[in-house]
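The values are calculated or read from the model by the stated rules, or taken from the named source; none is laboratory data. What you are looking at is a predicted structure, and each value in this text was computed from that prediction instead of being measured. Positions of Cβ are generated from backbone atoms using ideal geometry, with glycine treated the same way; all protein chains shown enter the neighbour counts.
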Amino acid sequence: AVAMFAGDEDLRRTADGWLREGRLEKLGEWWVRGLDHDWAQLHRERTPRRVDVPLYPFAKERYWHDAPEEEPATLPSTQAHAHLHPLIHRNVSLIGMQAYRSRFDGGESFLADHRVRIGDSGVQRVLPGVASLEMARAAICLASGAALEQPVALSQLVWLAPFVVAAPRDAVVDVTMAEGGMLDIAIEDEEGVSLCRVSGQVVQALPPARLDLAHVARSMAEHVDASTLYGALTAMGLHYGPAHRAVTEVQHGDRQALATLHLPADLSLDERCLMHPSLLDGAVQVVAALMLADGPLPTQPPVPSALASVRVHAACGETVHVWMRAARGHAPEHGQWVVDIDLCDDDGLVSVELRGFVLRLLGAERADASRGVAESATPVPDATPEAVDDLMFYRQLIDAVANRDMSVDEALDLG
């Protein structure tokens, strides 16, 4: 019946009005009823090309246009607020599981300028181990519905494998409820390989402790300049570019060090990120001053292995002072250093406290650079039974901490 009026001028003007107003659904309804319409009016500026599509219902090909993948954010980034957090990009939660996913391509400052020599694989771009702390902290705030600047306490952290980024790849942060209001955090790669595990929760803000920086400095008579410090780190296989050279000055003495850090000039702070990777990694780099004082440097890089606890009070500013000292009762031995670290501002107000931070030489593990998976080292034929037993013992300790069968402190007492 509509076809009888297809040539009616009033109906044609009505159809043209629908087109101008964007009421295409209405126009389509009348077209399927028989209304003849000049569809070329839809494409006055550019005529689209035709695409062949199957004429039978069994073909499974898709003909939808796929939007290009979103570029990963760097820190800083012009697209920073396109993500939940500079290190936590998307919420991919399912029923019963909170989860977040991030995609890194290796061009980010914390990867491009943070490279580690991993055995025979050579120097690789590796996500700083301490970046896991900020990822876990942000995930806890997001999963709890708290503001991203809320104070957080973390405990019983263990690093299980390095995250090597030779090509774009994803990291996934899973959050599950634990006893006593705690949240368990598991950071994995896209294939489900565990990178890091930690527990934590949002905590009440407390008045920050204040360090007497002048008093701390008086007990340290030795000085190490930045070039010497980074030369030592390079010699051990830790290669830092400009974005990860935040340390400007170090004083040390009696198994402790006091350092000043400045955020590199090409970087900027993000209010959602309380522990900038460059500054937090710079705090850990100060261990090289203690190692220089102890004697000959090892040939393998020291990397994070475990951490008893972290308390994040506030955001780190562009200038940070770091007080590192050997943890009570733990002298450097067997390629292991256990330290306590405080980060504070110019007035000595502490923003981050790290207790029982364990660094081990990477030589005890063999890394698969293509996937970033750390595997147990295969004993060489001439290895002594005692060396093999030690290796298995430390692997069992790491597994026990990862499975929550033992605390980091208990593991340190044993090994």
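Tabulated data
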| item | result |
| --- | --- |
| Selection from region 140-190 of residues that are within 19 Å of HIS313 (Cβ to Cβ) and β-branched (Val, Ile, Thr) | ILE140, VAL152 |
| Verdict on LEU307 being surrounded by fewer than 21 Cβ atoms within 10 Å (Cβ to Cβ), among the hydrophobic types (A, V, I, L, M, F, W, C) and under 30 Å from GLY122 (Cα atoms) | no |
| Filter result for ASP120 (loosely packed, with under 13 Cβ neighbours inside 10 Å, at pLDDT 70 or above, within 30 Å of ALA232 (Cα to Cα) and assigned by TED's automatic domain parsing to the domain that holds ALA138) | yes |
| So VAL172, is it modelled with pLDDT of 95 or more and buried (at least 20 other Cβ atoms within 10 Å of the Cβ) | no |
| Residue check for GLY34: more than 26 Å from VAL164 (Cα to Cα), assigned to a loop (DSSP other than H, G, I, E, B) and modelled with pLDDT of 75 or more | yes |
| Residue in region 342-349 that is among the aliphatic types (A, V, I, L, M), closer than 30 Å to ALA146 by Cβ, at pLDDT 95 or above and not in a strand (DSSP E or B) present | no |
| Index of the failed condition, ASP281 passing every other in (1) crowded, with 20+ Cβ neighbours inside 10 Å; (2) over 19 Å from the mean Cα position of the chain (by Cα); (3) under 23 Å from LEU111 (Cβ atoms) | (2) |
| Residues being touching a residue at least 24 places away in the same chain (Cβ under 8 Å) and assigned to a loop (DSSP other than H, G, I, E, B) - total across region 94-129 | 10 |
| Residues satisfying the stated conditions in region 248-263, i.e. within 15 Å of GLN285 (Cα to Cα) and without any contact (Cβ under 8 Å) to a residue 60 or more places away in the chain | THR248, GLU249, VAL250, GLN251, HIS252, HIS262, LEU263 |
